[in-house]
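Q: Handing you this structure, nothing more for now.
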Amino acid sequence: MPSPFRALECYDLLCCVFDQLAATEHSWYDYDVSTNDAHCWSARRADSHHRRTLARCARVCKAFFTPAVSVLWRDIDNVAHLIPAIRASEPFTAQNRLISPSSSRSLEYARYVRAIHGSGSTLSSRAQPYSAELLREGMSPFPHLRHMRWVQLVPSGMELLQIISPSLRSLHIVFQRAPESHDKVTLGDVPSVCETFVRDLLTGIVTKAPHLRYLRVSTTGDIKESWLESAIGFRELQTADLLSRIHSEVTTLPLLRSLASMHSLQHLKIRLPSEMSSLDVPCNVFPSLQTLTLDAMFSRLHIIADFISTITSEQLHSLSIQNCECTTSAVGVGIRTICNVIRARFASSLCKLELSLRNVGPIRRSLATHRQSFIHTIEPLLDMHNLEDVRIAIMPEAVTVAASEHDLEKIAQAWPNATRVHLCYFPSSVSPSLQDVATFAQRCPGLTDLVLPGIDASGPSSGVTLSADRVGSHACPSGPTGSDTKSGAGPHGLRSLSLSDNGWNSKIPDPTRLAGFLDTLFPGVEWRCPPLASDQWRETIEEVVRLRIARLL
């Protein structure tokens, strides 16, 4: 081989080259229609192209074969066809005895598998006997498997226990009720067939994969939350995602208490129960928690406050409280109580906060109006100057927010390091003016994503812009009646700007003038027109795009 090509004889170098065509490490759990269908489609399309390229490389020469095949088989969609292939390719003696499973090429391919991305299914009748045979002999078809997504019918077979091995680190299991199954009548405390199956399967997973770090459990409404309590036996678990997308409770107090006592748990997604007494944990409650996502669809505001007040972790940097119910007129008091607890517990560590409220129950609009101002309600959060990502969403049908013209200025003073701010609510009076928007952008120079409740573009915009020497300082921009900015103005780095009301409650008398203001103030925004935007907001975005094109030409 000529000297320029001798480098291709190096196995490690070839592995590095072919690794560029491997699937991304974090993409194994994205193949879920309920979470990220669009990304799933594009990712799988790219993976398909990469796999064809790897298959072609494996056929080039013997030097390419092993490194290319090892990457090609690292990620597979399903195991239903591979295990029968392993069985069919095994050599047998005259006595019909297995000679050497390791000599099988299919079994060699199976040893390269690190992630199974597919939706999962029960193994075929042809595959089940051989899989069970390997299990009895202490062998696993996939000894190096690390990531897996599996759809488990309830009740069904235990094939999953025949596939996983102690090397497994991440598992997403989706429980679905089998179409042919029917509700069984239970007597007293005797568990049903479905409950026994789920508990036994989870217990078996704990035994077979004791080093699991990531666990996600998705269920349908037919799978009761109490059946998942067997999943608490993982001693090295770092991430637990029990936030099922189905509208049913998925967390019980026994499960919650066990999770709270786990010292290794760092990331948690759960749905809070409707009623909750003390966790009664003898040690620290969630001592190592770093990120927490709570779905409060079934919980009252005071239960949320009581729960987060028990967390002892000093490392929590991300907190998301979703779907809080507004069932009484005391919404402002409940939200302020939650904000007080957040400030008291996590003021020094929290960087990301999400709080969303929705309406449940017949609340009259007159009772559901904030009697306290928006700023007064979230005032405890304004003392948390380390916040970088803040998203507050109050659905219009839940409550009308009493806003003031200086809200944005106070928020900008409180969170100067903010990179993302979403303020989604229905203001009872004024929307932010152009001066407010310019001041907010100037006091938050690192802001890249901004959602406003609306905008009031009826006031003058002359002189309301940013100057290069003021970006990063906390000086206010020129007022509406002030002089024009100095030459050498520096553009703001905002990349996304939208209105939560889509312009319907905003005051936009002149879309062309507003477009000129936004294009000058935020030249780097990637504008997208929402499908339900008002005519004035749509015209504004279209004009900004025209200005952008003209500037580029």
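Computed from the coordinates by the stated procedures, all read-outs in this text should not be read as laboratory data. All values reported here derive from a predicted model rather than from experimental measurement. When we count neighbours, we look across all protein chains shown, and the Cβ atoms used for this are built from the backbone with ideal geometry, even at glycine.
Q: If we sort 54-66, 304-316 on the protection proxy, mean other Cβ atoms within 10 Å, highest first, what's the order?
A: 304-316, 54-66
Q: Checking the a/c ratio against 1.5 first, then a/b against b/c, what shape does the Cα gyration tensor give for region 285-341?
A: Judged from the Cα gyration tensor, region 285-341 comes out prolate (a/c at least 1.5, a/b above b/c).
Q: Once fully extended, how much extra length lies between S404 and T291, figured as 0.36 nm per residue of separation less the alpha-carbon to alpha-carbon distance?
A: Fully extending the segment from S404 to T291 adds 37.4 nm.
Q: Please give the peptides 415-428, 435-448 ranked by average Cβ packing (other Cβ atoms within 10 Å per residue), highest first, as a rough proxy for protection.
A: So the order, starting with the most tightly packed, is 435-448, 415-428.
Q: Please list the non-local residues whose amide H lies under 5 Å from the amide H of V151, H modeled 1.01 Å from N, same-chain partners needing a gap of 5 or more.
A: So V151 has HN proximity to G120, S121, V174.
Q: Moving to a separate point now. Within the set K269/K410; K224/K352; K224/K269, which residue pairs have Cα atoms separated by over 21 Å?
A: Violating the 21 Å limit, Cα to Cα: K269/K410; K224/K352.
Q: Can you list the HN-Hα couplings for region 294-299, worked out from phi with the Karplus curve (6.51, -1.76, 1.60; θ = phi - 60°), rounded to whole Hz and with x for Gly and Pro?
A: Rounded to whole hertz, the list is 10, 9, 9, 4, 9, 10.
Q: Determine ³J(HN,Hα), in whole Hz, for all residues of region 525-530 in sequence, where each value follows from phi through the Karplus function 6.51 cos²θ - 1.76 cosθ + 1.60 and θ = phi - 60°; x replaces Gly and Pro.
A: So the Karplus estimates, Gly and Pro as x, are 6, 8, 7, 9, 8, x Hz.
Q: Can you work out the FRET efficiency for the pair L253 and Q20, with r the C-beta to C-beta distance and R0 = 30 Å, to the nearest 0.05?
A: The computed FRET efficiency comes out at 0.05.
Q: Oh, and also: Across region 334-340, in residue order, what do the Karplus-derived ³J(HN,Hα) couplings come to in whole Hz, using 6.51 cos²θ - 1.76 cosθ + 1.60 with θ = phi - 60° and x for Gly and Pro?
A: Working through the residues one at a time gives x, 5, 5, 5, 4, 5, 5 Hz.
Q: Sticking with this one: In nm, to one decimal, how far is the modelled label at S264 from the one at T310, with both set 7 Å along Cα→Cβ?
A: My value for the distance between the label points is 2.3 nm.
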